[in-house]
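Step one of this worksheet: look at the structure below.
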Amino acid sequence: MVRKIMPIILCIIFAGCPDFPRIGPASIERAWDYYEDGKYEKAINEFVDVIGDEPDNGEAYNGLGWCYGILCSLSTAVDNFNTALDKDNSLVDPYAGLAFVYSDLPDHQNAVDAAAALIQKDSLYFFGHDSEIDYKDVRLVKAKSHCSLGDFSSALSEVQKLNPSFNCNVTTPWGREALLAEIERLGGIV
Amino acid sequence: MLFRCILIALFIYLPNVGISKPYLEKRHNSKKCFKENEIILNYKEGIERNRLENITKELNTEIIYRSHFANFVTVRFDKKRDIWQLIKKFESFPDIVFAEPNGIASIFWTPNDPLFQLYQWNLDESHLNMPLAWDIERGGNSSVIVSILDTGIAYENYLIPSYEQDSVLSSDGYYHRSPDLAITNFVDGYDFINNDSHPNDENGHGTHICGTIAQSTNNNKGVAGMAFNVSIMPVRVLGAYGSGTLDKIADGIYYSYQNGADVLSMSLGGFPGDSIGYGTVHQAIIAATNAGAIVVAAAGNGDVGQLSYPAGFEECIAVSATDIDNNLAPYSQWGEGIDVVAPGGDYFDTIPGTPYVAGILQSTYSQINDGFYKATVDTFDYWFLQGTSMAAPHVSALVALLISHGITSPSAIKQTIYSTTTDLGSPGYDTYFGHGLINPPVSLGVELLFSSMPIIQNPYNQQYIDIWVVSQRPLLNDMPDPCRVTLAGENSYHSFEKVAEQTYRTDFFFDTSGTATVYVTARDTSGTQGSYTRNFTVTKVIGRIGGFAESEDTRFRITIPEDMYDNTYWIVIATEEMGLPSSSYTPLSNVYKCGPDGKSINVPSVIRFSFDKEIFNDNKLQDIGIYRKNGDELEYINTEIDVSNGYAYSKVSEFGSYILILWPGKGGSSEFTTKGLSLNCYPVPASQNIFFDYAVPFASYVDIALYDVSGRRVKNIEQGAFRDYGMYTGSCKLDNGKLPSGVYFLKIILSNSQIKYEESKKIILMR
């Protein structure tokens, strides 16, 4: 009888106690599944637990960066992306994450640097956990940040990677206007 | 010193003539701000002479001028060629730094009429800025005829007929021509009150109106008029006391356009909103506009939110009045149908630095017939008058200048005027100011201060946008005013930072759905104000639920199907005008830009345009289609047309810019079915997900589910969801491991209290 009741009691305890230690090891795959399903809080818990088990797991810090980025904890996201790169310098995802997050802060120069680093490492990058994010977004962020820094020539160079037929003279106001309109067309709303 | 100031002014304006911008190029292509067959090429230092000549020959152009001081040449080409395309081609050569049209500059001109500088505030740089407009179109052309339907005009020296002698006062028994109309052009008119061909003014009102349009100008006397070289047709339809009957007015309209009037100016009307008895006048106005004339009418002075007729007729350009501070004048009527505003003055204001009331100054009789005293038709003076009567002739004069400048189609004239106004009041069109205060210099082709406002949505955090403006001329204080962003009824103000020469940026974070309006104003170094407004809708879409995003004007909609994830994202839809129709097609809508251009949508979406179904009276269904706009290219997308309800549908798999176009012989749209569900499922076979689309022929509740071959429901996709009439898409994740490979059926049931439809499609699932 006790053997039948115990699992039920445990279930009740577990269900009512979210901080109860997990049963079984944390899993980076499960954490990314949570991320892909939009369950970012759960994903963060899982990534943190992975780091608890493997403090040098750069991929887990990378995951934390993406989660905090999408939840708009931008400084925390930056810290985690940088830690991810410190732990594993073969990763490329954190550079994309840093480009986006710096663009959001906004910190245009760091956004440009992160985007440049990513493109240098993988010019056809795509983010494996969200098919909507790829090198085009990163180039767009780079172009947008170049504009904000007043470097329209570099912005034009990025835009031409996305639309080779586009050209304008960015030394003139109307050339800059055409460039901004093209960036708008490529990546934004309007 | 004065000479030096002029040189500086020339220098500032010279580089800004004829700048390459598609919108302006379309709208102003009939204007001569630049040599239409000449381009200046700025080339790189050190380029060999042969190389430059090869480039110019390659593009079939001829060098006609070489600079003695700098690296530029001027080339000439066949007038039939598109200058803007050619500029693009030149700029594609690495040796060419930039290319631009060869602009035309001329001296700046101010008339010598002594009262012009002192008291005609309505024409100064802070209002209609006529000196700048006259640099482009100085007074118009005598072949353009403006008919003034009013109390007559003091346009001739003429013995007062016996039947008019009791109505006026004259010491010598003659009507006299106003001295400040001495060199104004008149064509034959008619007096419908007394049925004669001498429509002299028995009141004084019509003479004042005439002055605003075509007062003799630069004659070293009195005041100036706006379109002083055009011809005036006096048509008397109002009596000595300033009133008349509608039969005479209707006949005056017929007379005017049948005798060659291009513009009909009517500073008259009835009680606000009262159209009783105006059917005859309306028919006359329709006949006039069908014949190609433009009819301008004053809104009325009743201080109510309803227009008087004839201004209330949609064929007319209805004009409200503003005061010296560009506020709506306290007497001015406003309301639905108002098109533009123009200065009408207000006696409660004074002209700064003077004791005079801020009315509109023009010449007329020393004594106007005010109901107590008769008009003195032999003596003249300058009078400040106020009213929408005074506002309307400003618009008539502008129309006459535009026609003189080569813009002759009524629709083009209206579009030019409406699209170049200075926006007042609420951003965009509103019922107080209509499209805004007329802006003659910009209507005539002076570059808009701003020609676009790029707004860049952050691709990652989609709620954050950069707002950019690039001014076409240097700005006063080198900065636009802080831009106002209105979203969900809340205003916020955002200061710009200068990023580069004439290039400014600010940003905006939104956290709610709604219609956003971005409004920026600035003045250039000459003091001319420019403004730009951009509207777009912001829609929060929760991926798990899906939904639709709709344009601000509700004429465009994109459905967003349920997503695979829980991600929330923001769709922004903005509009831009296509410009004037080309010779081969007619845009039936704005260009609607939605989402990041070219970005794929997880599940194909449906876009819907609504349009006036009466278009089918003259056109075939097959000729109306939805097009994807990609730069200057238009790509037809397979379109289904709902003839009875005026909707056009297309399925799209990418965000982008879309427009509805009437293009005879192009496309090949088919009729949208309203008789079935048109359920489509894909891919075949399916493995992880299935996608489907279906038509909803009537507003109904929708059930969608997956069934196995035994008829057992194995997965609910949609239960009792309400769907309005239209086309929809959806998707379903086939849970890993839970559904074995095999044959399934997707079944959709639509029902409301009266009708029920259902349809199934076979699905093959292969793991």
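To one decimal place, what orientation-averaged projected area in nm² is obtained for the convex hull of the Cα set of the range B:271-405?
Value for the range B:271-405: 10.3 nm².
Does the range A:25-91 come out rounded, prolate or oblate by the C-alpha gyration tensor, with a ≥ b ≥ c the root eigenvalues, rounded set by a/c under 1.5 and, if not, prolate when a/b is larger than b/c and oblate if not?
Here the range A:25-91 falls in the oblate category.
Just tell me which lysines come within less than 19 Å, Cα to Cα, of residue B:756; anything on the same chain fewer than 8 places away is out.
Reachable lysines: B:675, B:747.
Between residue B:63 and residue B:366, what length in nm is gained on full extension when 0.36 nm per residue of separation is reduced by their alpha carbon distance?
Extra length from residue B:63 to residue B:366 when fully extended: 102.9 nm.
Counting alpha carbon pairs within less than 8 Å and at least 6 residues apart, what relative contact order, in whole percent, applies to chain A?
11 percent
Among the aspartates and glutamates, which fall within straight-line cross-link reach of residue B:593, defined as a Cα-Cα distance under 15 Å, with same-chain neighbours fewer than 8 residues apart omitted?
A:182, A:184, B:550, B:552, B:553, B:576, B:577, B:632, B:633, B:635, B:654
Determine the sum of side-chain charges near residue B:378: Lys and Arg each +1, Asp and Glu each -1, restricted to other residues whose C-beta is under 14 angstrom from that of residue B:378.
With Lys, Arg at +1 and Asp, Glu at -1, the neighbours total -4.
To the nearest whole number, what is the average tally of beta carbon atoms from other chains within 10 Å of the beta carbons of peptide B:444-454?
Average per residue, whole number: 3.
Pick out, from B:431, B:364, B:294, the residue whose Cα sits farthest towards the positive end of the charge dipole of the range B:114-443, with +1 on the Cβ of Lys and Arg and -1 on the Cβ of Asp and Glu.
Value computed over the given set: B:294.
Using 16 Å as the cut-off for backbone N distance, which residues of the range B:630-648 belong to the label zone defined by a point 7 Å from the Cα of residue B:613 along Cα→Cβ?
Label zone hits: B:640-648.
Using a simple charge model, +1 on the beta-carbon of Lys and Arg, -1 on the beta-carbon of Asp and Glu, nothing else, what dipole does the range B:114-443 show about its Cα centre, in debye to the nearest 20?
Dipole about the Cα centre, nearest 20: 440 debye.
According to the square roots a ≥ b ≥ c of the eigenvalues of the Cα gyration tensor, what is the shape class of the range B:114-443, taking rounded for a/c under 1.5, prolate for a/b larger than b/c otherwise, and oblate for the remainder?
It is rounded, given that a/c, with a ≥ b ≥ c, falls under 1.5.
With angles folded into 0 to 90 degrees, how steeply does helix B:279-290 sit against the dominant principal axis of chain B? Use alpha carbons for both and round to 10.
Compared with the principal axis, the helix lies near 80 degrees.
Just name one of B:559, B:690, B:587: the one whose Cα is farthest towards the positive end of the charge dipole of the protein assembly as shown (beta-carbon charges, Lys/Arg +1, Asp/Glu -1).
Positive-end residue among those listed: B:690.
Cβ under 14 Å from residue B:745's Cβ, residue B:745 left aside: what net charge do those residues give with Lys, Arg +1 and Asp, Glu -1?
+2
About the Cα centre, and with charges only on the beta carbon of Lys, Arg (+1) and Asp, Glu (-1), how big is the dipole of the range A:25-91? Nearest 20 debye, please.
Dipole magnitude for the range A:25-91 comes out near 220 debye.
Using 19 Å as the Cα-Cα cut-off, could you pick out the over-long pairs in A:144/B:540; A:142/B:44; B:35/B:79; A:42/A:87?
From A:144/B:540; A:142/B:44; B:35/B:79; A:42/A:87, over 19 Å: A:144/B:540; A:142/B:44; A:42/A:87.
Going through the DSSP H helices of chain A, which span 24 Å or more along their own axis at the Cα atoms while scoring at least 0.0 as a mean Kyte-Doolittle hydropathy?
none
Rank B:75, B:128, B:748 by how far each Cα sits towards the positive end of the charge dipole of chain B (+1 on Lys, Arg Cβ; -1 on Asp, Glu Cβ) and give me just the farthest.
B:748
For B:515, B:184, B:364, B:110, what's the fewest-to-most ordering of other Cβ within 10 Å of each Cβ?
B:110, B:515, B:184, B:364
Can you grab the distance from the C-alpha centre of the range B:366-414 to the C-alpha centre of the range B:429-497, Å, no decimals?
A separation of 33 Å, based on Cα centres.
Take peptides B:649-660, A:122-133, B:254-265 and line them up by average Cβ neighbours within 10 Å, highest first, as a rough protection proxy.
Highest-to-lowest ranking by the protection proxy: B:254-265, B:649-660, A:122-133.
I need the calculated FRET efficiency for the pair residue A:90 and residue B:710, taking r as the beta carbon distance and R₀ as 60 Å, to the nearest 0.05.
Efficiency for this residue pair is about 0.70.
State the extension gain, in nm to one decimal, for the chain segment bounded by residue B:488 and residue B:638, taking 0.36 nm per residue of separation less the distance between their alpha-carbons.
50.5 nm is the gain from fully extending residue B:488 to residue B:638.
Go ahead and run the numbers for FRET between residue A:123 and residue B:49, Cβ-Cβ distance against an R0 of 35 Å, rounding to 0.05.
With a Förster radius of 35 Å, E is 0.30.
Nearest-5 percent of antiparallel DSSP beta bridges in chain B?
Close to 80 percent.
Quick one: grab the alpha carbon gyration tensor of chain B, order the square roots of its eigenvalues as a ≥ b ≥ c, and give me rounded if a/c is under 1.5, else prolate or oblate depending on whether a/b is larger than b/c.
prolate
For a Förster distance of 41 Å, can you work out the FRET efficiency between the beta-carbons of residue B:751 and residue A:161, rounded to the nearest 0.05?
The formula returns an efficiency of 0.20 here.
Measure nothing fancy, just the Cα-based angle from helix B:388-404's long axis to the longest principal axis of chain B, in degrees from 0 to 90, nearest 10.
80 degrees
At 25 °C and a viscosity of 0.890 mPa s, what translational diffusion coefficient does Stokes-Einstein give for the range B:101-217, taking Rh as the Kirkwood radius over Cα pairs? Give it in µm²/s as a whole number.
Using the Kirkwood radius from Cα pairs, D works out to 150 µm²/s.
Quick one: dipole size for the protein assembly as shown, taken about the Cα centre, charges +1 on Lys/Arg Cβ and -1 on Asp/Glu Cβ, in debye to the nearest 20.
It comes to approximately 2500 debye.
Give me the inter-chain shielding for A:140-151: mean count of other chain Cβ atoms within 10 Å, whole number please.
3
How tilted is helix B:205-214 with respect to the longest principal axis of chain B? Cα atoms for both, answer in degrees (0 to 90, nearest 10).
Long axis of B:205-214 versus the principal axis of chain B: about 70 degrees.
Determine the shielding of peptide B:124-130 by partner chains: average, over its residues, the number of Cβ atoms on other chains within 10 angstrom of each Cβ.
For this peptide, the per-residue mean of nearby foreign Cβ atoms is 0.
Just so you know, all these numbers are worked out from the coordinates, no wet-lab data involved. What you are looking at is a predicted structure, and each value in this text was computed from that prediction instead of being measured. Cβ: placed from backbone, ideal geometry, glycine included. Neighbour counts: every protein chain shown.
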